Amino acid sequence: KRQEATEDVISQWRRKQKANPKANKLSKMSIPETRKTLPIYSMRAELVSAVRDNQFLVIVGETGSGKTTQIVQYMYEEGIMLRDGQEKLIGCTQPRRVAAVSVAARVAEEMGCKVGQKVGYTIRFEDMTSADTKIKYMTDGILQREALLDPAMLKYLLIMLDEAHERTIATDVLFTLLKDAASKNPSLKVIVTSATLDSEKFSHFFNDCPVIKIPGRTFPVKIDFSREPEPDYLAAALDCVMQIHVAEPDGDILVFLTGQEEIETGFDALTNRMKKLGGAVPELLIVPVYAALPSELQAKVFEPAPEGMRKVILATNIAETSITIDGVKYVVDPGFVKINAYDPKLGMDSLVVSPISQAQANQRSGRAGRTGPGKCYRLYTEAAFHNEMLPNTIPEIQRQNLSATILMLKAMGIHDLMNFGFMDPPPPQTMANALHELYTLDALDDNGYLTGIGRKMADFPMEPALAKTVLASVDHGCASEILTIVAMLSVQTVFYRPKEKQAAADQRKQRFHSIHGDHLTYLNVYRAWELSGRSSRWCKDNFIYERSMKRAYDVRGQLMAIMARFKLSVLSNDNNNTIRRAFCSGFFRNLARRDPQDGVYNTLFDQTPVHLHPSLALFGKSVEYVIYHTLLLTTKEYMHCSTAIDPRWLPELAPKFFRKSDPANLSDRQKREKIVPLFNKYAENQDAWRLSAQVEAK
Ligand code: ADP
Ligand code: MG
């Protein structure tokens, strides 16, 4: 519904633009002219010769200076990729999928081709490249995966690790892998770009390579701090937008929010407020930007608003450095970002909204000063900025679960992780937890070496627990069902719930609910959609995002291709026990048990209270044991996607994690419990592999 609303707004805006072609001021400039106006243009010759003369190069420049879109084009135009009579690829990594897609689209337009021809992109489950592709944008995760098959990066002549300041795990790992590839493949060039001034560290890492600075062209930005802390940053942000709109001169507004839901809520609230005001204030064009936004809509974000209309962009962190939207004069910064954080003590990952760093705050305010003097409204106090925010963002590698990364490195034959040569090594506890997780998944053996199963798991572009589930489903003969569910889990939102029709939407959703939980509910939805002949009408009637279903269909196809490549049989078996058992083989760590007294679930791993969201299929069903897919921390820790299981399955499916208890060794209290975790057996330096739970023998 909201997506439709957005589409409505955009088509209205389109119509207006057609009626008044002069409205679009920027598009009057031709593409070659636009390219010449970018700050990086003056550095072209210097960049080209520096790349010719050096194997490694660090390039630093403000966001919007043209690094991502121009550098690879300069190198292509100079024919730098021709070597030994052979044309090789220019690759450019992006930490975010959206950026890879949007930048490829832009560069294809600048080069006068379609995406997938000379310019293409590859992101997980989506490959838009062809034999003609010369410039390939991709996520850093994709390139890391390619290193598994091609450690010397022989396909490439030049690789640009873009947005290195973001310090994603994959980029951090690629620092080391590419340094290594470059020593094996002397004709490989590596460029590292960053929007912040931490370039010395990068240069030092790459054998003290030269650093080129792109001259900035920024205007002063006036910073306005809140006088008091804001209790509700979303409400404060929307108030701030309205104030700017009525009181400040022309110029677009960029608001940083934390995620899709918040952006949609903000979108609705602003739309309503504008409606209430009627014609009293000039029109406001509200554009959302977040990762799951369909790419056609994303492209429209870049178009200038029609004359007389102010544009307000509600964006996630994407707009901080990954993409640049021209025309922004006002920035509203509530000071938060949603990150995937891993607590090494709890051994859990969850999405949390947390304060940004000072460096991020400065990046955000900088977005207001690209085309003229601007203004940034920080919705936090100056004291909070100085005392509560860290100076720099902590690299992901130091705060996220590393099991997928370590599995990949092990599959590359890198066994000695302590000496891998990380730029900033991860904390030992995080590393040990990841090793332990892989061990309990049977991906590593007692000595930490990769097992046969582990090697197969590494072939799947997904977290190890999910890869293990898929492999287990092959043995259980239910891979067809599991692939469907995995594909459904990979899309962000399936059900929509418009405000005016919540009851109807909930009622429809109920019909798909499986008594066993959300995994099987997803299976029901997908099957019903297939039965409908993948009908759009069916999606509308059932309050299901058609786009999500199509995406799940594509992802499923990609997974089928992987299965075929590795000759894994995809059989069908819709016995719900079999399907749930396959999930248990991967997600046994995410086990929670309901406390019969207060009805709250606690994780078995460490007794953290976790909650069933009212939208989940099992809500109110008093199931005793569940496994969940992920946790989402909002006001409470919520389980996202959970399924009822029988704890007696566990010792068989996860023998490294659970074992049957010997009743003789149990206390009376323990005998009353079905599962008794052996707490705290797992500690650093001491019997590091063991953390198990006992299940009463039956
Ligand atoms: P940097 O990487 O240095 O931040 P970019 O190369 O991304 O800079 O951006 C250079 C210019 O290209 C910016 O003015 C930006 O607005 C424009 N641009 C980038 N992507 C798009 C797009 N998809 N559509 C329109 N303009 C774009
Ligand atoms: Mg960039």
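Computed from the coordinates by the stated procedures, all read-outs in this text should not be read as laboratory data. Being a predicted model, the structure only gives us computed values, none of them experimental. Here the Cβ is made from the backbone with ideal geometry for all residues, glycine too, and neighbour counts use every protein chain on show.
Brief remarks on what is shown
- By DSSP, the beta bridges lying fully in the chain are antiparallel in about 40 percent of cases.
- Maximal additional length on extending the Asp475-Glu530 stretch stands at 17.3 nm, based on 0.36 nm per residue less the C-alpha distance.
- The length gained on full extension between Arg508 and Asn575, counted as 0.36 nm times the residue separation minus their Cα-Cα distance, comes to 21.7 nm.
- The range 452-599: radius of gyration over Cα atoms, expressed as a fraction of 2.2 N^0.38 Å: 1.11
- Think of it as helices only: each DSSP H run of n ≥ 4 in the chain is worth -39500 (n - 2.57), and spread over all residues that comes to -12000 deg cm²/dmol at 222 nm.
- Remark: spin-label model distance Lys201-Asp646 equals 5.2 nm, labels positioned 7 Å along the Cα→Cβ axis.
- Exposure proxy ranking, count of Cβ atoms within 10 Å, fewest first, for Asp442, Asp232, Asp198: Asp232, Asp198, Asp442
- Pair-distance profile P(r), taking every C-alpha pair of the range 309-419, with 10 angstrom steps and integer %: 12, 34, 27, 17, 9, 1
- For the pair Glu77 and Ser187, the difference between a 0.36 nm per residue extended length and the Cα-Cα distance amounts to 37.8 nm.
- Label-zone membership for the range 98-129, site Ser30, 7 angstrom Cα→C-beta point, backbone N under 16 Å: 110-113
- Packing around the peptides 88-94, 245-251, taken as the average count of other Cβ atoms within 10 Å per residue, puts them in this order, highest first: 88-94, 245-251.
- Dipole in debye (nearest 20) - the range 187-269, about Cα centre, beta carbon charges: Lys, Arg +1; Asp, Glu -1: 820
- Counting other Cβ atoms within 10 Å as a rough exposure proxy, the listed residues Glu652, Glu320 run Glu652, Glu320 from fewest neighbours to most.
- Taking Tyr496, Tyr330, Tyr449, Tyr121 and counting other C-beta atoms within 10 Å, the order from fewest to most: Tyr449, Tyr496, Tyr330, Tyr121
- Euclidean distance between Cα centres, the range 476-525 to the range 176-215, Å: 45
- On a per residue basis, the convex hull of the C-alpha atoms belonging to the chain measures out at 173 Å³.
- Simple point charges give the picture: +1 on the Cβ of Lys and Arg, -1 on the Cβ of Asp and Glu, and for the range 25-161 a dipole about the Cα centre of about 380 debye.
- Cα centroids of the range 355-405 and the range 107-130: 31 Å apart.
- Sites Ala564 and Asp595, calculated FRET efficiency, Cβ-Cβ separation with R0 60 Å, nearest 0.05: 0.85
- In the structure shown, the pairs Lys329/Lys499; Lys276/Lys540; Lys311/Lys375; Lys67/Lys118 are assessed against 25 Å; a Cα-Cα span above that value is assigned to Lys329/Lys499; Lys276/Lys540.
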